[in-house]
Every structure is written in C-alpha cells, then in structure tokens.
Amino acid sequence: MLKELEYPFNAEYLIKKKKHIRKELLSDTTKNFLNKRIAILGGETTQDIRLILELFLLNYGIKPTFYESEYNQWYEDGAFPNSELEAFAPDLIYVCTCTRNITEFPEITDDQTAVEQKRLIVIDKFSALWNSLMQKYHCPIIQNNFEYPFFRLMGNKEASDCRGRVNFVTMLNCAFYEYAQAHDDFYICDVNYISAAYGLDKWADPYYWHMYKYAVAVPAIPYLSFNVANIIKSLYGKNQKAFNLDLDNTLWGGIIGDDGADNIEIGQETSLSQTYSEFQEYIKLHKQLGILLTVNSKNDETNAVSGFERPDSVLRREDFIAFKANWNPKSINLFEAAKELTLLPESFVFLDDNPAERAIVKDQFPGVAVPEINGVEHYIQVLDKSGFFEVTALSQDDLKRNEMYLGNAKRQQMQASFTNYADYLKSLEMKGEIKTFVPMYISRIAQLTNKSNQFNLTTKRYSQSEIEEAANASDHITIYGKLSDKFGDNGVVSVVIGRIDGPKQDELHMELWLMSCRVLKRNMEFAMMDELVKISKETGIRKIIGYYYPTAKNAMVKDFYALQGFSKVSEDTEENTVWEYKIPENYINKQSVITVNAESDIK
C-alpha cells in the first residue's frame, strides 16, 4: 500500500505525479492483481477522474481496464445499442453524472404538479438507463447522486420550497436511493456528502466547468475517485475486517500502567475525556457491521483490562474478540491475533498513536492498513473517511460475525479438553445445510466469492448478477453450505460452482470451490464433496474435473483434490493443476460427523 494514496492524501501531488505513481504501482511484483473491466459513462469530462481512480484501484490490488464514453454521452452510450461497449463486456459500470446534467429544473411559476412532472422526467430518464444497463451487461452499477447547486436563488427557502433547486435535487437523490434499495448490484456514490465535506463552493467552482467541463474542481477529483474506488474494492472483497487497537492514548488518554485506571482520560469529566469516550463509541458502533475488535497493547493484561472495568468506559472487555496485552512486539501480537481468528494480517486496521509502532507494523506487514492518526479529536474523521469498511452489502452473516467468532473461541476451548479429535468433532453436534443456490443466500454467496482468498481453489470472483445467472443456468451445478453446531450458526461458509460439459454432457468442470477459514478442520469440505457427488450422480455426471490455480494466499488448498480422492491429470510451469475424479457407483461418504440436511435442525 502506497502511503501517498492513503487518506488523508495530498490531492495536488496525486494529480501532478499520477504517471509516476502508476508506474510504481505496476512495478510491484508482489501483488497478484485482480483484473476488472470498468466502463465510465460521463456527464462531464472524466479523463482525470479515470486516471486517479486507476491509482487507487491499483493500490487496492485491482488492475482496471477502462471504457470511457465521449463527453456527455452517458445516456446515449448506455441506453442505446453500443457495439463497442458490448464488445468491452464491462465487469462494472460507473455513471459519472452531476447536477449540471439535470435538464428539467423547476421555475418559480411552476405549481406542485409541474414540479412533480419535471422530477419524473429526470427520474424516468435515469431509471431507463439503469434498467437498460442491467439487462444488457448484468454487472454492478455505481451511480453518482447529485451535489447541491452552487447558487440559491431564493436563499434558505431553496431547501423547503418545492420550486427550489436545492429541494428538487434532494427529491431526485431520494428517488435514486429508493431505486438502490429496490435493486441489487446498484450502488450510490454519495457526491452530495463528499462535496459538502470538501466544501461546495470549492467543489463546484464554475471555472472548471466552463474551462474543462469538469463539474468537480480538478483539485477535488482525488476525493471523488477515492470514494468510487472504495465502493469497487468493497464489491471485490478488498475491505478490512477487524480493528487491532492500541490502548494508551488511543482508546483512552494517559498511560494506565503509570496513572492507574482511576486517572486515565475517559468519561465526561473533561473535554479530553469526552473526546476519548466519543471515539470509543465510534469504534463500538463497528460491531453492528460485523467488524471485529481486537486489542494490541504493551501492558500487563490486568492493567489493560482494568481500563474497561471503569463504569464510564464505553467499551468492555467482552467487546474484544482477541485481547493481546503483553510486552511482545506489536507485529507479533497482530500476527497471533490473525492466526487465532483465521484471518490474513491485511484484514486488520492497526490503530496506534505511536508513529514508531505504526512504522514497525507497516514494515512487517505491508498489506495491513495503518492510518496516520494525530490528536484524538481527529481520530474519527481520519478513520471514517479512509473507507476501510465501506459497506456495499450487509448480510445476516455479517451482522452475526462477532457472535460467530465468539463461538469459535468456545470451540477452541472445548477442543483443548479432548485427546481424540474425532471425538471432539462429534461433540460439536454439527448440522449442515448443503443445497443448490436459493435467492435468500445469493447476496452472501457473492460476498464469499469476493472475500475468500485462502480456501479458494480458483479464486474466481462473481458479482451478484453472475451468481444469479449461474444459479439459473441449466448447464451449471451450484451448491452452498451452511454449518451450525451447539455453539451457534456459522451461516453460509462454502460455495461450489461446476459447469456441465464433455462430449456426452457427463463431465462437471469445477469453476469455483471455496470455504470460509472459520470452519477449517471440521470436515465441511468432505460434506460438500459428498453432496456434490450425490447431486452429480442424479444429474448424470460421471466425472468431476477440478482446477487449482495457485496465488500468494491459497497455498493451503494445493493438495485439496488429492485429499478428496482426485487424480492429477496435468500441471503447467506456473503450477496450475488439473484433477480428475471418476465417480464410483458405490461411492462411500467421506465424513460422518456432520448431520446434513436434517430439516428440523437447520435454522
């Protein structure tokens, strides 16, 4: 991760040095880039928006190829036949429009009916475009909402009078939000908020429109591109998943080992203590999104815990999934926490007021997000605008993630009391639901395909639309797996997608096989194999062809197919392997510790 591209960034520097930064990003041989085709349909000039967007995406490990419409051809390119765009076959479409693209504004002489007619004209045009794009390209769409006009004819009344442009823009934005709520794979880039945070007068400086046809001032372009990039990286599973938090002068003021729990700054007694309390409240809110909280502190554990036992502490010890308070290097603590939670280190946001500690962690784990924080009064702003946890979907599994990891901790504790691992697995009383894709879980399945990196044999990524297509395709077998036990429900944890092929249509070619690492070593992969074989035999499949494509993160499944009884057919110079499994007539199930598809047991 390049420091120059982390928030808060120097926007003018990015614009000036964009070619140099791009070259540096592309020269990073350690990155396994995810290639994506992105179409930008612009209602304004988009050249620099595209160039800066590319930098942020490369920094996130996404290598984009762009289609860019001609100036102000956003509607024509998307709503009408377009052989060039169709040949481009976008993975994602970004509609970059602005308030200056609104052609039907109310006039002072209009009544409520006339205003409503004009609103519908604008909404109908946009919704027709979105519907057309969805039908043709079946890919995610990102749509700018509208920034407020740069002038107010009626002053403050513009906000409340139906004829006011500010009011009109507000109504249009609300209609955009209603469309987003009703349509999956449709996302709003909140330009209205971004422009307000930047400063509307500067954002909408008319000079840049009349000189270059940029509705956003050129110095503000990185802020727009950064927000679009955050949506895209969230869609493709590049979000962080957990906080790794220092304590002293980070979650509270003062050094608890020196000052004692009674004298640290937290609560409502002083302005400084109030600021730390507000920050704790902000951190705790992330649990609602399923973000995991962990502690990483150089402290005696007893002292560290005492800070959360104060009656005025917002955070409590039980809010943290992992709690490392010791004198080990923080890089080791972070690594150990990641290992315990079966996460990659780059899943964490490391938060520490000490620049030396930040530098060490960043040096040891270049993929870890290490924001520069200075002054507790600015902690929230830096974290909130950095987009580490940008939300594009919230499944029930996301909302229950903390509960799921707490359940894992209980399982680990119980495992320690068993000498025989098979007996331990049986004691969990595991129940599995393994069935073909159903609409209820499509969103979660799409999430898993973009988030799972370690137990993922092909690391192919799917949008929600592509998952729906696969589920409805007669030449595909699609299976999801849920797993629960006496400690709780892990939700959807495994996904298998196979394509029926071969001269006799009796071969199943595995396009995707993945599993969440939080259910490792519980035989779920064998339960999935058993069910896959059962469904394959019912479909007339005689042979299953498996593929393994190695990445920097999925070495753990290199021998997966061998463990399932497949035979290796080929291996190329890049260690991509092909495997074959001829389904026997007397196939014997590979696992017996999970009760599969007992309807009364599935929650």
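Structure notes:
- Single unsatisfied condition, Ser132 versus (1) open to solvent by 20 Å² or more (accessible area, probe 1.4 Å); (2) at pLDDT 95 or above; (3) of a type in the set (Ser, Thr, Tyr): (1)
- Scanning the range 7-32 for residues that are open to solvent by 70 Å² or more (accessible area, probe 1.4 Å), touching a residue at least 24 places away in the same chain (Cβ under 8 Å), under 29 Å from Lys553 (Cβ atoms) and more than 20 Å from the chain's Cα centre (by Cα) yields a total of 2.
- For the range 521-580, the set of residues classified as of a type in the set (Gly, Ala, Ser), under 29 Å from the mean Cα position of the chain (by Cα) and buried (at least 19 other Cβ atoms within 10 Å of the Cβ) consists of Ala527, Gly546, listed by residue number.
- Any hit, the range 161-170, residues being out of contact with any Gly (no Cβ under 8 Å at 6 or more places or on another chain), at pLDDT 95 or above, surrounded by fewer than 20 Cβ atoms within 10 Å (Cβ to Cβ) and among the small types (Gly, Ala, Ser): no
Each row is one residue, and each column tells you yes or no for (1) in contact with an Asp or Glu (Cβ under 6 Å, 6 or more places away or on another chain); (2) not in a strand (DSSP E or B).
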| site | (1), (2) |
| --- | --- |
| Lys118 | yes, yes |
| Ser132 | no, yes |
| Cys139 | yes, yes |
| Gln143 | no, no |
| Cys174 | no, yes |
| Tyr179 | no, yes |
| Tyr187 | no, no |
| Ile194 | no, yes |
| Asp201 | no, yes |
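- Scan of the range 495-510 for residues that are touching a helix residue (DSSP H, G or I) at 6+ places or on another chain (Cβ under 8 Å) and touching a residue at least 40 places away in the same chain (Cβ under 8 Å), ordered by number: Val495, Gly498, Ile500
- Condition check for Asn35 on (1) open to solvent by 70 Å² or more (accessible area, probe 1.4 Å); (2) more than 24 Å from Ala446 (Cβ to Cβ): one failure, at (2).
- Among (1) touching a strand residue (DSSP E or B) at 6+ places or on another chain (Cβ under 6 Å); (2) aliphatic (A, V, I, L, M); (3) farther than 27 Å from Asn554 by Cα, the one test that Val382 misses: (1)
- Hits in the range 86-116 - residues which are surrounded by fewer than 20 Cβ atoms within 10 Å (Cβ to Cβ) and either touching a strand residue (DSSP E or B) at 6+ places or on another chain (Cβ under 9 Å) or without any contact (Cβ under 8 Å) to a residue 40 or more places away in the chain (or both): Ala87, Phe88, Ala89, Thr103, Glu104, Thr109, Asp111, Thr113, Ala114, Glu116
- For Pro311: the one exception among (1) surrounded by fewer than 21 Cβ atoms within 10 Å (Cβ to Cβ); (2) touching a Ser or Thr at 6+ places or on another chain (Cβ under 8 Å): (2)
- If you go through the range 253-291 and pick out every residue that is farther than 24 Å from Glu403 by Cβ, touching a residue at least 60 places away in the same chain (Cβ under 8 Å) and not in a helix (DSSP H, G or I), you end up with 1.
- Per-region count, the range 566-589, residues in a loop (DSSP other than H, G, I, E, B), more than 17 Å from Val496 (Cα to Cα) and in contact with a Phe, Trp or Tyr (Cβ under 7 Å, 6 or more places away or on another chain): 1
For (1) of a type in the set (Asp, Glu); (2) within 30 Å of Thr99 (Cα to Cα), each residue gets a yes or a no:
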site	(1), (2)
Tyr13	no, yes
Lys16	no, yes
Lys23	no, no
Thr30	no, no
Gly43	no, yes
Asp48	yes, yes
Gln73	no, yes
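The values are calculated or read from the model by the stated rules, or taken from the named source; none is laboratory data. Keep in mind that this is a model prediction, so the values were computed, not measured. Cβ sites come from the backbone with ideal geometry, for glycine too, and all protein chains shown count toward neighbours. SASA here: full protein model, heavy atoms, side chains in, ligands and nucleic acids out. Shrake-Rupley method; radii C 1.70, N 1.55, O 1.52, S 1.80 Å.
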